[in-house]
1. Return the residues of the range 176-195 that are within 16 Å of the ligand (Cβ to nearest atom) and in a loop (DSSP other than H, G, I, E, B); say none if nothing qualifies.
2. Can you pull out the residues in the range 130-142 that are farther than 15 Å from A163 by Cβ, aliphatic (A, V, I, L, M) and crowded, with 20+ Cβ neighbours inside 10 Å?
3. Looking at N173, N165, N199 in this structure, which one is more than 13 Å from the ligand (Cβ to nearest atom) and among the polar types (S, T, N, Q)?
4. Could you grab me the full set of residues in the range 133-163 that are acidic (D, E) and without any contact (Cβ under 8 Å) to a residue 60 or more places away in the chain?
5. Out of the residues in the range 10-29 that are within 19 Å of A67 (Cα to Cα) and either basic (K, R) or within 13 Å of the ligand (Cβ to nearest atom) (or both), state the one that is surrounded by the fewest Cβ atoms within 10 Å (Cβ to Cβ).
6. Is it true that K198 is surrounded by 15 or more Cβ atoms within 10 Å (Cβ to Cβ), over 27 Å from G131 (Cα atoms) and among the charged types (D, E, K, R)?
7. Enumerate the pairs (first residue in the range 19-46 and farther than 24 Å from M1 by Cα; second residue anywhere and of a type in the set (D, E)) with beta-carbon separation below 8 Å, excluding pairs fewer than 6 apart on the same chain, so at least 6 apart or on different chains.
8. When only residues in the range 94-129 that are more than 20 Å from the chain's Cα centre (by Cα) and surrounded by 15 or more Cβ atoms within 10 Å (Cβ to Cβ) count, which is farthest from V62 (Cα to Cα)?
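Here, each number is a calculation from the coordinates, and none is a lab measurement. This is a predicted model, so every value here is computed, not measured. Reconstructed Cβ throughout: ideal geometry from the backbone, glycine too, with neighbour counts over all protein chains shown.
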Amino acid sequence: MQPIAFVTGADRGLGFALCEGLLARGWRVFGGRYMPDWPDLAALAERFPEMLHAVPLDVTSVESTRAAARAVAGMAERVDLLINNAGVISPAVERAVGEGLDYPEAHREFDVNALGALRVVEAFLPLTDRGKMKRLCFVSSEAGSITRCERQAWYGYCMSKAALNMAIKITFNRLRPEGYTFRVYHPGWMRSYMHGSKNMEADLEPEAAAAMALHFFLEEREDEDDLALIDYQGQAWPW
Ligand SMILES: NC(=O)c1ccc[n+]([C@@H]2O[C@H](COP(=O)([O-])OP(=O)(O)OC[C@H]3O[C@@H](n4cnc5c(N)ncnc54)[C@H](OP(=O)(O)O)[C@@H]3O)[C@@H](O)[C@H]2O)c1
């Protein structure tokens with residue numbers, strides 16, 4: 001039976017590379033499409049007819065997440081693997097306290113990065129409940145670690161990832177007893193598009209980052225009852 005995944009933020013960056021990686025492994029993939037003018041996902045879908053489906057998705061909207069789940073339910077009876085990847089960072093991320101923090105931008109980061117994943121999990125629950133794997137994956141960040149935080153700025157982004165981690169923990173408490181398994185992940189510093197254009201100063205191409213992420217998302221772990229934030233080198237980060 002062909003396994004089925006849903007990936008949010010699939011237009012470019014890590015999300016797109018995760019779709020490519022899953023397709024190469026024989027998965028049927030539904031990719032959340034947020035950027036209708038960005039052509040890569042549609043081009044990939046043409047290369048993988050019946051295996052990749054682009055589904056409109058804005059994770060800040062309950063209506064959009066529900067519509068995306070309905071669209072998937074019209075084509076598939078279940079989702080085995082749900083990858084919450086969509087994320088944003090504010091252009092004003094470098095501002096420190098006293099430099100005029102951008103509160104509307106911080107709201108946007110919180111809305112996409114923390115609440116967005118929750119909206120998706122809720123909307124897709126009927127589909128993941130029927131999944132064979134029942135695995136919920138979350139692309140978080142080292143930036144969400146309070147214990148190891150040394151930054152003097154990046155408020156909205158770091159706060160949103162810490163909030164995401166808490167949202168995951170509460171969801172874990174509720175769904176782990178129902179057989180769900182969880183992956184919380186820091187993918188490394190990637191040459192992706194978070195700052196608007198491809199960041200060539202970063203360490204990892206999204207394809208390489210996706211290969212490491214998929215290894216972690218798909219592998220079996222010995223202790224599924226131990227929720228941990230794991231990075232691309234396999235190291236655990238303190239919350
Ligand atoms: N880049 C890094 O070094 C790094 C490090 C640690 C963690 N991460 C995390 O990795 C994940 C993937 O990021 P990336 O680096 O691949 O960034 P990216 O290239 O910007 O890809 C993220 C995708 O999500 C989309 N998106 C934005 N708002 C959305 C919304 N409301 N609904 C649905 N999709 C939306 C983005 O569209 P727009 O381009 O229009 O915003 C973009 O297509 C994020 O969760 C990020 O926080 C990244």
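1. P187, G188, W189, R191, S192, Y193, M194, H195
2. Residue satisfying the conditions is L136 alone.
3. So the residue among N173, N165, N199 that is more than 13 Å from the ligand (Cβ to nearest atom) and among the polar types (S, T, N, Q) is N173.
4. Residue satisfying the conditions is E150 alone.
5. Per the criteria, the residue is D11.
6. yes
7. Correct list of pairs: R33/D11; Y34/D11; Y34/D58; M35/D11; W38/D11; D40/D11; L41/D11.
8. R95
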